[in-house]
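Accompanying notes for the structure given below.
The values are calculated or read from the model by the stated rules, or taken from the named source; none is laboratory data. What you see is a predicted model, and the numbers here were worked out from it, not measured in a lab. Cβ: placed from backbone, ideal geometry, glycine included. Neighbour counts: every protein chain shown. Quick note on the areas: whole protein, heavy atoms, side chains included, nothing else; ligands and nucleic acids left out. Shrake-Rupley method; radii C 1.70, N 1.55, O 1.52, S 1.80 Å.
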Amino acid sequence: MRRLATLTTVILLLLTVLAPVARPAATDASWARPGFATGSAASGVLNAVPTVACGAASGLIAVSIPITWAAPPTGGNAVAPTGYRVDYSGTAGSGTQNVTTTSASIPGSVLAVAGSMTVTVTATYGNWVSPVSLQTRTITAVLSVLVVVAWTCA
């Protein structure tokens, strides 16, 4: 039995030594980079509108309500706005205007009922929107015989 085990081991060793060894096959792998591109990135901030003012203290309902504001500060990494969004809402009415200058006129006809509305301005740059203006203004409808006839702005 021992001889059989020894003989089997010798045969296996001979087969291993004498067997052809597989060699790696040659390959044609390669890649090319015909060109490259460079780029850069920058960051910025869109500051809030610092001041909002009434263009007039009061007026008749037929007259638009003028609103003006100062452009937000730029410099450093602050970008200059490309537009502004004026939002007004409250018990007297609501709406939104998009403008590219630092003024807007809210139609007096927006004042539907007695009450008031708050006006805020946000700066825009592309699809960026700044924080709400640091100041707001309140427009109040003035009644005479249950009809809105005038407005005040403070």
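Considering each residue of region 78-122, count those that are under 16 Å from residue 135 (Cα atoms), out of contact with any Phe, Trp or Tyr (no Cβ under 9 Å at 6 or more places or on another chain), of a type in the set (Gly, Ala, Ser) and touching a residue at least 40 places away in the same chain (Cβ under 8 Å), and give that number. Can you show your working first?
Residues of region 78-122 under 16 Å from residue 135 (Cα atoms): 84-89, 102-104, 117-122.
Going one step further and asking which of them are out of contact with any Phe, Trp or Tyr (no Cβ under 9 Å at 6 or more places or on another chain), we end up with 85, 87-89.
With of a type in the set (Gly, Ala, Ser) added as a condition, the list becomes 89.
Filter again for touching a residue at least 40 places away in the same chain (Cβ under 8 Å), leaving none.
Residues flagged as under 16 Å from residue 135 (Cα atoms), out of contact with any Phe, Trp or Tyr (no Cβ under 9 Å at 6 or more places or on another chain), of a type in the set (Gly, Ala, Ser) and touching a residue at least 40 places away in the same chain (Cβ under 8 Å) within region 78-122 amount to 0.
If you check 110, 49, which single one turns out to be surrounded by 16 or more Cβ atoms within 10 Å (Cβ to Cβ) and at pLDDT below 85?
Details: 49 fails: at pLDDT below 85.
Result: 110 is the single residue among 110, 49 that is surrounded by 16 or more Cβ atoms within 10 Å (Cβ to Cβ) and at pLDDT below 85.
Looking only at region 35-69, residues that are closer than 18 Å to residue 84 by Cα and in a loop (DSSP other than H, G, I, E, B) come to 8 in all.
With respect to the conditions (1) surrounded by 14 or more Cβ atoms within 10 Å (Cβ to Cβ); (2) at pLDDT below 80, residue 67 falls short on a single one, namely (2). The listed residues are 5, 42, and the only one of them that is farther than 30 Å from residue 106 by Cα, surrounded by fewer than 10 Cβ atoms within 10 Å (Cβ to Cβ) and at pLDDT below 70 turns out to be 5. Of all residue pairs spaced 6 or more apart or on separate chains, those with beta-carbon atoms under 9 Å, a first member in region 54-77 that is under 25 Å from residue 44 (Cβ atoms) and a second member that is open to solvent by 60 Å² or more (accessible area, probe 1.4 Å) and modelled with pLDDT under 90 are 77/42; 77/43.
Residues that are part of a strand (DSSP E or B) and touching a Ser or Thr at 6+ places or on another chain (Cβ under 7 Å) were ranked within region 75-85; the one that is surrounded by the fewest Cβ atoms within 10 Å (Cβ to Cβ) is 83. Going through region 93-111 one residue at a time, which ones are of a type in the set (S, T, N, Q) and in a strand (DSSP E or B)? Result: 96, 97, 98, 103, 105.
Would you say residue 72 is out of contact with any Ser or Thr (no Cβ under 6 Å at 6 or more places or on another chain), open to solvent by less than 70 Å² (accessible area, probe 1.4 Å), assigned to a loop (DSSP other than H, G, I, E, B) and more than 23 Å from residue 152 (Cα to Cα)?
The answer is yes for residue 72.
When you go through 123, 114 one by one, which is the residue that is not in a strand (DSSP E or B) and not polar (S, T, N, Q)?
Result of the check over 123, 114: 114.
Would a scan of region 75-85 turn up a residue that is in contact with a strand residue (DSSP E or B) (Cβ under 9 Å, 6 or more places away or on another chain), at pLDDT below 95, closer than 17 Å to residue 136 by Cβ and not β-branched (Val, Ile, Thr)? No, that holds for no residue.
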